[in-house]
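Let me begin by presenting the structure, written as structure tokens, before commenting on it.
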Amino acid sequence: MSANRCTTVSRIIYAPPCAIYAAFLDPEAVATWLPPGDMRGIVHEFEGREGGAFNMSLVYPDDETEMTGKTSEKTDTFRGRTAQLIPDALVVWKTVFDSPDPAFAGEMTVRTHLVPAAGGTQVTMVTEDIPEGIRLEDNETGCLQTLEQLAAYVRGWAGKAWPGGRPEPTAGNPVHAASGKSPT
């Protein structure tokens, strides 16, 4: 049973909440920043809206020898849905791994909170109901690496055209509304 198995990681990302929120809704963006470490992301299906379905794979590098995939030797494939969206503030994903191993069974919830902070956004990922087959410290490390990738991704788009259109300023996002562009 995976109940009460959870991790929380957090960091400040020097970008406005609307830029980070936009990165959660674009399939090309998600394929870039979601894979932790040296993994590669493949998006099979992605509906960037509340209630939208997604299906993705994270692929380990060929030279990886310590970790094995949940779906196949080098792949973690998962599917899920976007359970809740609050613009510029919250993204909730419900995910299930495609795995024959019952240790990876069950629905996992990832809640990502975006809170304006000095010069950027405090991004906090809370992962709940982590399957028994995933060590909590591995989940924590992977989520921290994902936040590093997300920070690099939004930093790389500062001042450029965003995929799918520019993040829109909102009343709740004074950093973006005041500057008109993403800070680096």
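The values are calculated or read from the model by the stated rules, or taken from the named source; none is laboratory data. A quick note: this is a predicted structure, and the numbers were derived from the prediction, not measured. Neighbour counts run over all protein chains shown; Cβ positions are idealised from the backbone, glycine included.
Find all pairs meeting these conditions: Cβ atoms under 9 angstrom apart; at least six residues apart or on different chains; first residue within region 4-30 and on the phi > 0 side of the Ramachandran plot; second residue surrounded by fewer than 19 Cβ atoms within 10 Å (Cβ to Cβ) and at pLDDT 95 or above.
So the pair list comes out as ASN4/GLU128; ASN4/ASP129.
Conditions (1) of a type outside the set (Lys, Arg); (2) modelled with pLDDT of 95 or more; (3) within 17 Å of the chain's Cα centre (by Cα), marked per residue:
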residue: SER57; (1), (2), (3): yes, no, yes
residue: THR68; (1), (2), (3): yes, no, no
residue: ASP76; (1), (2), (3): yes, no, yes
residue: LEU90; (1), (2), (3): yes, yes, yes
residue: PHE104; (1), (2), (3): yes, no, no
residue: PRO131; (1), (2), (3): yes, yes, no
